[in-house]
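Accompanying notes for the structure given below.
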Amino acid sequence: MKRFIARLVLFTIAGTLPASAVRAQRQTSPETLIRNATVLTVTRGTLQNTDVLLRNGKIAGVGKNLNASANARIIDGTGKYVMPGIIDAHSHSMLDTINEGTLAVTSMVRTEDVLNPTDADLYRELAGGVTTLNLLHGSANPIGGLNTVVKIKYGRPASEFLFPGAMPGIKFALGENVKRSSSPTQAGVPRRYPNTRMGVEEVIRDAFTRARDYKRTWDEYRAATKNDKDVMPPRRDLQLEPLVEILEGKRYVHAHCYIASEILMLINLADEFGFKIKTFQHVLEGYKVAKEIAAHGAGASIFADSWGYKIEAYDAIPYNAAIMTRAGVVVSMNSDSDERARRLNIEAAKAMHWGDLTEEQALKLVTINPAIQLGIQERVGSIEVGKDADVAIWNGHPFSVYSRVDTTFVDGEVFFDREQDIARRPELAKERARLEQAEPNKPPAEGQSPLGPRRRRPTEEMEIERP
Amino acid sequence: MRIIVALLICAGSVLAQQIGNPTTQQGVIPPRGVFAIRNARIVTVSGPDIENGTVIIRDGKIEAVGATVAVPAGAQTIDGSGLSVYPGMIDAGTNLGLVEVPQGANGTVDTSEVGDLNPNAKAITAVNPHSAHIAVTRVEGITTTLTAPTGGLISGQATLINLLGTAPKEMAVVPHAALVINYPRIGGGGGGFGGFQPPANLSETLTANERRLQQIRKMLRDAEAYGRTQDAYAKDKSLPRPDRNVVLEPLVPYVRGEQPVIFRADREAEIRGAIRFAEEMKLRPIILGGNDAWKVASLLREKNVPVILTGVFSLPSREDDAYDTLFENPAKLQQAGVRFCISTGDSGPEVRNLAQYAGMAAAFGLSKADAVKSITLYPAQIMNVADRLGSIETGKMANLVVTDGDLLEIRTRIKYLFIDGRPVVLTSRHTELNEAFKNR
């Protein structure tokens, strides 16, 4: 047990090292001028030989021959590409837990309560040019928990990650996961309702029926208090409050789904109760009902080309992004995976390979489109003066498989820099060696020491497999 | 669908007639013939690129390749202007064809037999030529896979197949290409779920691993003895006739070092253990996985053990590993002189992305030329089929991909595809669904 705790300490220390190192080497200059780069503005075309000025956390200039203050850091962008920070509209990074799976409606739980800012995958995502994440609850319930939109401020406390002004949201889920299709039935344990896509609809209808009544009760109370200050307030219901916000258009619904019929079901149900689905997530059969999704005004946040891993993903095709885009749907490419999140640039480029989207359309899939889906398009998602200085410098076109990120800025500060990362590797190796030599961490007299505990956070899709 | 249109327009009716029924469920595979791809950039892989050359395909083989090759009379020609010809890509670490839908459809999964020791489980038996994965993968230029079973300690025998055929034997390049062993892992079961698990007791873990290794060792020794007994009886029929044994018999060529043995091993200790074990048993080892191979590079080189890297797109194994540890793994092995190739390690859906795995390695230090080799010639060499596959050379099997650009770039399209000298229609379940719904 002593050794175990010691190892835990070792791993904890090792895990936080990059964070402290980042903090130490973070540049203090409030101003950075990237000179003579190719700038992928996303909303205003691609600009050759252009400067980008980052000042006070904002993009202060985009143009030729910009001037900077005397103390500004100057980066030669010759041959480089500047792209807006990538926005991942479906992530579970930095969540210590993902699924509150016990109930069919868990709108009372919040991902914001389980943020782990030391998750090493956050740094790996920065190294892939990602700056913003939509952290979603899992897909165990028709109505799941509340989401959190964050900027990846790796090395800072969790409270500094929160994206100010992002629209509040909630996770819904349909299909196999909420039916618990893959969960073994345990003897003596009754299955949780619902068990079919029919039941999924009824769970959501029941919840919104209750929410509508709850809202009416509060509306009546508020009206009554105008005349009579002594009216008893209704009892608060933390499960129904977020649903009322949905009915009032104050909270976005991000609905996990796969097959065409369940997509149509949710559109009809939302229409019935008078609210909007902001995004369908995964929505692998979205191409079959693209015009209905477009007519509802919903967005679609999808995988580039994952398919076939389960029955409801068997008809997924890589042309999905292109078909839905042409139908008028705002489409984004997400990761739903700490691994895939590191290469969303490649995932976006796939929509050019499969389905012939233009470069501009494909760039939008990981920038302005997810920004729109999260209600943060006035702040991020393109390179425009006045927007947040969330940008990445790439050593080649981000749609080339041969390109990688040199530097990633969030609010004008460097949170990833490849040169600095490489420069500090010898120091980290020494530190690791020193820790390994520490008495409690020494390997036993013979044999290899077993690996210490390492948190493996399953993806949402994997987690649902657990009973 | 532009691909199909382009195919029909460019190739004209001659090819179209030959190609026949353009559906993904072909009962008849396209016939071989004589084809000439002219005026194309030819990336031979084994030699220098030919900027403007011709490849002649006859009866399944590459008959000629060069800058000044004459087109034989009667050849169906493809104008390769602006196009590039590459050898078909090879993914040497898949379960392609053994799995249709991994979750929720157990009936479509044929990867793992019951029990720990299944040397007689043969992937070629269970490969489904009509799996949707086959056409979806090949239309992206992957022409050949090593398809391997996964379970237990001795998983079974992998097969090297071309992704075209109506029956397994039509697909097989090497029906029984390698024995697959899961080298016992240290530190618990590894890849499973469960989040926070206290480390197992070390001595118990090592004992359990040694016991598992001993199971493998005993079976291989039994197979050696079995082979000797059968040989002895073959020479001298006066000896008592030994019983045939379906489990041991397939092991004989492997224990004699005539055929390669693939060890699944990712961590340093397992890779070192597998090399040690292979040396002790006089096997011809190949490491499959190899996430920590960069840490063992000098030993791998010294023992000439090749590695099929499946983890380029995996997250680094340790929290304090550099972010690009696995992106750089191929470049580090190349520098150290270790033989390696790059694989998706996937059961089907992701195999079509093989080129991106190699491309990512090129973004992190591997030369572009070596990145192409890592999914063509290198896997062919490692699987001992470089006399037939992996490059564009006279006499080799005509597995060819014609592209409109750099093979590894995402935006590049496949324009023509030949497998075993047969022109393959570039349709799949996915192109068909796209056609069906794109104008709904």
Quick one: which residue in B:VAL45, B:VAL101 is within 14 Å of another protein chain (Cβ to nearest Cβ) and assigned to a loop (DSSP other than H, G, I, E, B)? B:VAL101
Which of the residues that make up the range A:47-93 are part of a strand (DSSP E or B), touching a residue at least 60 places away in the same chain (Cβ under 8 Å) and over 30 Å from A:LEU115 (Cα atoms)? A:VAL52, A:ALA60, A:GLY61, A:VAL62, A:ILE75, A:TYR81
Please count how many residues of the range A:120-154 are within 14 Å of chain B (Cβ to nearest Cβ) and farther than 30 Å from A:LYS179 by Cβ. 12
If we keep only residues of the range B:392-413 that are of a type in the set (Ser, Thr, Tyr) and part of a loop (DSSP other than H, G, I, E, B), then the residue farthest from the other protein chains (Cβ to nearest Cβ) is B:THR394
Helices (runs of 4 or more DSSP H) (entirely within the range A:324-404) containing at least 2 residues that are more than 15 Å from the chain's Cα centre (by Cα) and facing another protein chain (nearest Cβ under 10 Å): A:344-353, A:359-364
Basic (Lys, Arg) and more than 13 Å from chain A (Cβ to nearest Cβ): is that true of B:LYS332 in this structure? yes
Can you pull out every residue in the range B:233-254 that is in contact with a strand residue (DSSP E or B) (Cβ under 9 Å, 6 or more places away or on another chain) and either buried (at least 19 other Cβ atoms within 10 Å of the Cβ) or small (Gly, Ala, Ser) (or both)? B:PRO250, B:LEU251, B:TYR254
Test for B:LYS438: is it at pLDDT 95 or above, surrounded by fewer than 20 Cβ atoms within 10 Å (Cβ to Cβ), within 14 Å of chain A (Cβ to nearest Cβ) and closer than 17 Å to B:GLY47 by Cα: no
So for the range B:396-411 (the condition being out of contact with any strand residue (DSSP E or B) (no Cβ under 8 Å at 6 or more places or on another chain), crowded, with 24+ Cβ neighbours inside 10 Å and touching a residue at least 40 places away in the same chain (Cβ under 8 Å)), does at least one residue qualify? yes
Whether any residue in the range B:192-203 is modelled with pLDDT under 95, exposed (fewer than 11 other Cβ atoms within 10 Å of the Cβ), under 25 Å from B:GLU280 (Cα atoms) and assigned by TED's automatic domain parsing to the domain that holds B:GLY257 is what I want to check. no
Looking only at helices (runs of 4 or more DSSP H) that fall completely inside the range B:235-350, which ones have 1 or more residues that are out of contact with any Gly (no Cβ under 7 Å at 6 or more places or on another chain) and over 27 Å from B:ASP116 (Cα atoms)? B:297-302, B:325-336
Go through (1) modelled with pLDDT under 95; (2) under 21 Å from A:PHE409 (Cα atoms) for A:THR12 and report which single condition fails. (2)
Report, ordered by the first and then the second residue, all pairs with beta carbons closer than 6 Å, sequence separation of six or more or different chains, a first member in the range B:306-325 that is facing chain A (nearest Cβ under 10 Å) and modelled with pLDDT under 95, and a second member that is assigned to a strand (DSSP E or B) and buried (at least 20 other Cβ atoms within 10 Å of the Cβ). none
May I ask you to list the residues in the range B:362-385 that are part of a helix (DSSP H, G or I) and either within 17 Å of the chain's Cα centre (by Cα) or within 25 Å of B:ILE161 (Cα to Cα) (or both)? B:ALA369, B:ASP370, B:ALA371, B:VAL372, B:LYS373, B:LEU377, B:TYR378, B:PRO379, B:ALA380, B:GLN381, B:ILE382
Taking the options B:ALA371, B:ALA361, B:ALA355, name whichever one is surrounded by 24 or more Cβ atoms within 10 Å (Cβ to Cβ), farther than 19 Å from B:ILE414 by Cβ and within 11 Å of chain A (Cβ to nearest Cβ). B:ALA361
I'd like to verify a number: residues in the range A:104-149 that are among the small types (Gly, Ala, Ser) and more than 19 Å from A:LEU174 (Cβ to Cβ), how many? 4
Output the residue which, of all residues in the range A:278-297 that are away from chain B (no Cβ under 14 Å) and without any contact (Cβ under 8 Å) to a residue 40 or more places away in the chain, is surrounded by the most Cβ atoms within 10 Å (Cβ to Cβ). A:PHE280
Does B:GLY93 meet the test of being in contact with a strand residue (DSSP E or B) (Cβ under 6 Å, 6 or more places away or on another chain) and in the same structural domain as B:ALA355 (by TED's automatic domain parsing)? yes
Of the residues that sit in the range A:94-119 and are touching a Ser or Thr at 6+ places or on another chain (Cβ under 6 Å) and in a helix (DSSP H, G or I), which one is nearest to the other protein chains (Cβ to nearest Cβ)? A:VAL114
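The values are calculated or read from the model by the stated rules, or taken from the named source; none is laboratory data. Just so we're clear, the structure is a prediction, and the values are computed from it rather than from any experiment. Note that each Cβ is placed from the backbone with ideal geometry, even for glycine, and that neighbours are counted across all protein chains shown.
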